[in-house]
């Protein structure tokens, strides 16, 4: 593994869907142990950027490196947390069942969860404070608890880079606050977090760094600098959002 | 005592009854498993359409090769896969959306199947194709059912975790290096195989009932994937057994009798399931 501080680096990354360009010539570096919000209007390329890091978005140009490796070889380091609306909350599965999935990639076809795997699962549930809910079906949790179950699955995976797709979308006030606290404590522990966020105010409160996209890279760095009036104007006014400089109404799904 | 014996055991003095029961039980096991995935992935209607679309393949195979079980099987398989792939292609290349493409293609396939069969020499009975005939289960039909069911159970045992992940969270499955596309394709193939195998006993139109109804009933009782699979299989077995008996005593078509018994289990579950049933929802408001 590279001792270099920068672990995720984009070199001239371009992604196209047919004739549509989703990301154009992106160059940036995401330092190890940082917590970064990926910001931008609808269709600015937030989800595409996450998918590219995960290695399941073919690049039309450029290169992404995670440490010294290409994304498809760095899979064990990556833990992905899906959007809330992508989850079927009525699925017959308990909290423990969800968290155990974090260990599935490490199991052979015929092997069962080992004692070590189980300890990891219990540890992840302890860490996120849902151990006492382990046997509950996932619909019968609060929004914040549901989010914590999926964060626990990511922790159980044992990766060190966490990719969160719109983690605040659909959470109530308490849920958002809970999630904010967890992400802040992860920062203290030096976990690397990359989260697509549409709510600029929430991002300001929680993330020290940001990437602002509008197909092109608008800015990247400390969040206060990234969210300067001029940058926000550039990212949200020229593009698809014509209603105002701030995208707080941008609820609709990001282009995938 | 002897009345009970006549009711429960008597019918199985007949060879055709034993075969019919065995065929229904064997397919109940695999159908109960597959149904769970169909229900959880919201593919119930797709499965229904798929089963109808098998007809022309089966009819053409009958025309060309006679009653060969293998030929019927491959005919159905080809027709089913053509419908699935054809609608995927149509929705990609034209403005038509996937559901409309599937709906249009399957009814087209079904109509050509009915046309083919109605043009056949009279010895072939359209009604048997559509609704099944327990009297007609042959040894080779049984062998086919056993092979298909064994394959299905084996796949669920070996790939249990992949199936669970792909059903619950396909995005996560892909993110962690799972082969989601393969699991999906394998699942579709198993579904078609089971539908063809169930055709003799259940008929093309009713076969899906043996898959879907136990699964959707189990869905109303279970909070774990594994227990849903087991409950679904148990319900499929119970429904098949009682259904075959009803079919014998009441002189009802076997497929319909099995589906009606499974339907009774489903309606009971939908009303009285302590957590997810209608009565609970009406009493307490909201489910869960």
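No lab work stands behind these numbers, since they all come straight from the coordinates. Computed from a predicted structure; not experimentally measured. All Cβ positions, glycine included, derive from the backbone under ideal geometry; neighbour counts span all protein chains shown.
Compare the peptides A:50-63, A:150-163, B:54-67 by average per-residue count of other Cβ atoms within 10 angstrom and give them in order, highest first.
On the way: A:50-63: 18.4, A:150-163: 23.2, B:54-67: 20.5.
The most tightly packed comes first, giving A:150-163, B:54-67, A:50-63.
Quick one: grab the alpha carbon gyration tensor of the range B:132-288, order the square roots of its eigenvalues as a ≥ b ≥ c, and give me rounded if a/c is under 1.5, else prolate or oblate depending on whether a/b is larger than b/c. Oblate is the answer for the range B:132-288, as a/c is 1.5 or above yet b/c matches or exceeds a/b. If both residues of a DSSP beta bridge must be in the protein assembly as shown, then about 55% of such bridges are antiparallel.
Here the relative contact order of chain A, from alpha carbon pairs under 8 Å that lie six or more residues apart, stands at 28 percent. Residue by residue along A:83-94, Cβ atoms of other protein chains within 10 Å of the local Cβ number 5 on average.
Using a simple spin-label model with points 7 Å from Cα along the Cα→Cβ vector, what separation in nm is obtained for residue B:280 and residue B:88? Result for the modelled spin labels: 3.7 nm. Legend: mean number of C-beta atoms from other chains within 10 angstrom of residue C-beta atoms, peptide A:95-107, equals 3.
Helix-only estimate, please: 222 nm mean residue ellipticity of the protein assembly as shown, summing -39500 (n - 2.57) across DSSP H runs of length 4 or more and dividing by its residues, to the nearest 500. It would help to have the intermediate numbers written out before the result.
Values: 23 runs with 309 residues, N = 544.
The per-residue figure over the protein assembly as shown is -18000 deg cm²/dmol.
For a Förster distance of 60 Å, can you work out the FRET efficiency between the beta-carbons of residue A:29 and residue B:230, rounded to the nearest 0.05?
The formula returns an efficiency of 0.75 here.
Between residue B:270 and residue B:100, what is the FRET efficiency for a Förster distance of 30 Å, r being their Cβ-Cβ separation, to the nearest 0.05?
Values: r = 29 Å, r/R0 = 0.97.
The calculated FRET efficiency here is 0.55.
Looking at the square roots a ≥ b ≥ c of the eigenvalues of the Cα gyration tensor of the range B:2-270, which shape do they give, rounded for a/c under 1.5, prolate if a/b is larger than b/c, or oblate? Oblate, since a/c reaches 1.5 and b/c is not below a/b.
Highest mean packing first, where packing is the average number of other Cβ atoms within 10 Å per residue, the peptides B:215-227, B:16-28 line up as B:16-28, B:215-227.
Taking a ≥ b ≥ c as the square roots of the Cα gyration tensor eigenvalues, the protein assembly as shown comes out prolate, since a/c reaches at least 1.5 and a/b is larger than b/c.
Which whole number gives the average, over all residues in A:131-139, of C-beta atoms from other chains lying within 10 Å of the residue C-beta? Mind showing how you got there, number by number?
Values: counts 0, 0, 0, 0, 2, 1, 6, 3, 5.
For this peptide, the per-residue mean of nearby foreign Cβ atoms is 2.
Return B:252, B:171 ranked ascending by Cβ neighbour count within 10 Å, so the fewest neighbours appear first.
B:252, B:171
Averaging Cα coordinates gives a centre for the range B:165-189 and one for the range A:46-115; these two points are 12 Å apart.
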